[in-house]
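Step one of this worksheet: look at the structure below.
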Amino acid sequence: MGIYCTPMSIDALHRAIDSAGSQRALAEKIGKKQGQIGNWIHRDKKVPAEVCAAIEQATDGRVTRYELRPDVFGETPPKHGKAA
């Protein structure tokens, strides 16, 4: 298993699905077909980098591009303006 298919990134996709309500609902929000999401989980073991921002937007930031593809986007950046 390569860095791009870490269980954490697939877990993030599952959280995005839960946030949207279903695979179909997430697919509709990002302009994809439900079967494509199933393929990402079961066959590809990763989310295409070009849809990560759409998933982040569809989940209102609850699932980030950094969680979905840390191999492409790197570590989640620290939050700015956080109270100490």
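Residue by residue, here is whether (1) buried (at least 19 other Cβ atoms within 10 Å of the Cβ); (2) at pLDDT below 95; (3) in a loop (DSSP other than H, G, I, E, B); (4) not aliphatic (A, V, I, L, M) holds:
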{"residue": "24", "(1), (2), (3), (4)": "no, no, no, yes"}
{"residue": "29", "(1), (2), (3), (4)": "no, no, no, yes"}
{"residue": "32", "(1), (2), (3), (4)": "no, no, yes, yes"}
{"residue": "51", "(1), (2), (3), (4)": "yes, no, no, no"}
{"residue": "55", "(1), (2), (3), (4)": "yes, no, no, no"}
Next item on the list: Could you please let me know if residue 24 is free of Cβ contacts under 8 Å to residues at least 60 places away in the same chain, over 21 Å from residue 76 (Cα atoms) and of a type outside the set (Val, Ile, Thr)?
Entry: yes
Any residue that is charged (D, E, K, R) and surrounded by 14 or more Cβ atoms within 10 Å (Cβ to Cβ) - is there at least one of those in segment 7-15? yes
Checking 62, 15 in turn, the sole residue that is part of a loop (DSSP other than H, G, I, E, B) and touching a residue at least 24 places away in the same chain (Cβ under 8 Å) turns out to be 62
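The values are calculated or read from the model by the stated rules, or taken from the named source; none is laboratory data. All of these numbers come straight from a predicted model, not from anything done at the bench. When we count neighbours, we look across all protein chains shown, and the Cβ atoms used for this are built from the backbone with ideal geometry, even at glycine.
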